[in-house]
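Written out below as structure tokens is the structure these notes cover.
What follows draws every value from the coordinates through simple rules; no lab data is involved. Worth saying up front: this structure is predicted, and the values here are computed from it rather than measured. All Cβ positions, glycine included, derive from the backbone under ideal geometry; neighbour counts span all protein chains shown.
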Amino acid sequence: MPTKARTGWKGPAWALPPVAVLAVVFLYPLLLVVQQSFSPDEGGTSLAPYADVFASASFRSALTTTVWLAAGSTVGCLVLGFVLALVIAFVPFPGAKAVARFVDVFLSFPSFLITLALLFIYGNAGMANGVWTGVTGAADGPFHFLTTPWGVLLAEITYFTPFVMRPLLAAFSQLDTAQLEVASSLGAGPARIVRQVILPEALPALLAGGSLVLVMCLNEFGIVLFTGAKGVTTLPMLVYSKAILESDYPAACVVAVVNIAISVGLYSLYRAVSRRAGA
């Protein structure tokens, strides 16, 4: 009995230090952000910062921009990721395994690195404009979209597509090839096999990857910053603008709390979809 008592105490005892560290490092700063969002500059506790932020056109514009960029990027990543994963998994070509391994390496790249590469290609002084002016003799090239919302969309799709491909490739590797052979022997074409055999099996992985991309796009800051898209203001950019440029910390905290609430909701959706995919 004494041994059991000591063993029963070890679990909570060893759990206290990491829980304490988590509380100090993460929960306490988060609590300060929430507290500051209810603390107007005049002092006291009030919902006035929320009312002011929700009534501002800049917040509504940032929220709309964030949602449509995240949704558009997610759709683009799902379509492109599904097609590329299909090619890698089912179309035999030299180097297919090397490409699949590169997808894993790509996941470790920082987002600003991909954006910087796109700037070298499509920037105002990039390779594409350089080739155009060299061939046509024009004073300027036609590629100036990278500093627009479409440039941000392209950068996010480029960067986040492998996050959809990775779970899809894992799902495709577990697919019974006998199903494909049977479907093919019964006269089903490639499009029908993809639609009726592959897609239903890959749907949970596709939803899990899409949910993860949606959460990450919602909170993306580096891509918007490095594209130089001054007219594109997302919720993370608005937090930066309110806190750093305007020193309006209550408003910045309100926007941050809204962003956190949306992110937690979408992350809960991602976890639910992931559990379903694992099952």
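The figures follow:
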{"quantity": "Relative contact order (%) - criterion: Cα under 8 Å, at least six apart; region: the chain", "calculated": "28"}
{"quantity": "Cα-based convex hull, the chain, per residue volume (Å³, whole number)", "calculated": "216"}
{"quantity": "Residue order, fewest to most beta carbons within 10 Å, for Lys242, Lys97", "calculated": "Lys97, Lys242"}
{"quantity": "Point-to-point label distance, Thr177-Ala20, nm (Cα→Cβ direction, 7 Å offset)", "calculated": "5.6"}
{"quantity": "Cα convex hull of region 182-279 - mean projected area over all directions, nm²", "calculated": "9.0"}
{"quantity": "Theoretical ellipticity at 222 nm over the chain - DSSP helices of four or more residues, -39500 (n - 2.57) apiece, nearest 500", "calculated": "-24000 deg cm²/dmol"}
{"quantity": "Residue among Ile260, Ile244, Ile114 with the largest mean-square fluctuation in a Gaussian network model of the chain, springs linking Cα atoms under 10 Å", "calculated": "Ile244"}
{"quantity": "Reciprocal mean inverse distance between Cα atoms of region 21-131 - Kirkwood radius, Å", "calculated": "19.3"}
{"quantity": "Virtual spin-label span in nm between Ile121 and Lys97, 7 Å along Cα→Cβ", "calculated": "2.8"}
{"quantity": "Inter-site label distance for Phe221 and Val83 at 7 Å from Cα along Cβ, in nm", "calculated": "3.4"}
{"quantity": "Listed residues Arg195, Arg166, Arg60, most fluctuating in the chain (Gaussian network, C-alpha, under 10 Å)", "calculated": "Arg195"}
{"quantity": "At least 30 Å along the helix axis (C-alpha) and Kyte average at least 0.5, DSSP helices within the chain", "calculated": "57-90, 149-173, 249-278"}
{"quantity": "Potential lengthening between Leu203 and Ala188 on full extension [0.36 nm per residue; Cα-Cα distance subtracted]", "calculated": "3.4 nm"}
{"quantity": "Pairwise centroid distance, computed over Cα atoms, of region 78-141 with region 230-275, Å", "calculated": "29"}
{"quantity": "Most mobile listed residue (Pro200, Pro162, Pro190) in the chain, GNM with C-alpha springs under 10 Å", "calculated": "Pro190"}
